[in-house]
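First comes the structure, then the notes that go with it.
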Amino acid sequence: ANRPLSMVWNLPAALFRDPLTAHYVLHGTYLSLTGVLVFLLVRRLAPERVVLAWMAGAFAATWAPADLLRLDSVQMLAYSGFMVGVLASHLLLLAGWSRRRWWVVASACVLALVTVRGYEGVLPLLLGGPLLLAWLARPRPRWTWVLPWYGALAAGGLQMLGAPAETVAYQAAFESDLNPLHVAGRLLQHYGFELLPLIQTPRTRLAAAAAIPSLALFWVAFTVLFRRDARAVDRRCDAAAMVVGLVVAGLG
């Protein structure tokens, strides 16, 4: 499917004798790293909001209530790896920008290119990466540093578009229906996939024994971090940010 690097994130599984167990462990590791990387990103963008960073990381690692396919560690391992690649490249971009380390920015560009050539679906997320730089108060943006980032993404996109038609048959099977009413309907449907489990999930499922240790660990960490977060919470600002977050998440 014109994805020459699609199996990069599966490579560590080759080091183990039991490939099924290796995929299981790697998939869980990648999902956990997703939460850690989101936590680090928010901490860099809003260093005073410790609880916000913790909540963002926890949601990113665990919130996929209607996606039962996520439990298929063999098939979904690559996709959890792609998300790690997206988030890690963003974090490297922010770190390189903040410290004026060109080699860190270069590493971010290489990782972004590798991720795009593994799965073209990450391209929109990566295109928006430099927008995160606007949140950094210091140093002021020097947009020439962003050119290598977009150059790497352009190289990946051109390689994808320039492939022979027979190699992109998989992607061509999905035709776009851009009727505004149909798009709005699908958008509402996706909101339902994500939000309805909050009120529709039976309590008996929430009381499963396997969930209790995770919930206990979450609340202990949340309590500790909440006490450390000395910032006075601006309820109106937080409410507005939540609305914006819901809209952006839906568009994503």
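The values are calculated or read from the model by the stated rules, or taken from the named source; none is laboratory data. Everything numeric here is computed off the predicted structure, so don't read it as measured data. So basically every Cβ, Gly included, is an ideal-geometry build from the backbone, and we count neighbours across all protein chains shown. Keep in mind that these areas ignore ligands, DNA and RNA; they rest on the heavy atoms of the full protein, side chains included. Shrake-Rupley method; radii C 1.70, N 1.55, O 1.52, S 1.80 Å.
The residue that is modelled with the lowest pLDDT, counting only those in region 232-252 that are of a type outside the set (A, V, I, L, M) and open to solvent by less than 80 Å² (accessible area, probe 1.4 Å), is D234. Going through (1) more than 14 Å from the chain's Cα centre (by Cα); (2) within 15 Å of A154 (Cβ to Cβ); (3) open to solvent by less than 10 Å² (accessible area, probe 1.4 Å) one by one, G129 falls short only on (1). What do you reckon, is R43 modelled with pLDDT under 85, surrounded by 17 or more Cβ atoms within 10 Å (Cβ to Cβ) and closer than 16 Å to F222 by Cα? It is false that R43 is modelled with pLDDT under 85, surrounded by 17 or more Cβ atoms within 10 Å (Cβ to Cβ) and closer than 16 Å to F222 by Cα. All of V104, V110 fail the test of being in contact with a Gly (Cβ under 8 Å, 6 or more places away or on another chain), assigned to a helix (DSSP H, G or I) and of a type outside the set (K, R), apart from V104.
For residues that are open to solvent by 50 Å² or more (accessible area, probe 1.4 Å) and not in a loop (DSSP other than H, G, I, E, B), tally how many sit in region 71-93. Break it down into steps so the answer makes sense when it comes.
In the first step, residues of region 71-93 are kept if they are open to solvent by 50 Å² or more (accessible area, probe 1.4 Å); the result is 71-72, 74-75, 79, 83, 92.
Retained after the next criterion (residues that are not in a loop (DSSP other than H, G, I, E, B)): 71, 74-75, 79, 83, 92.
Adding up the residues that qualify gives 6.
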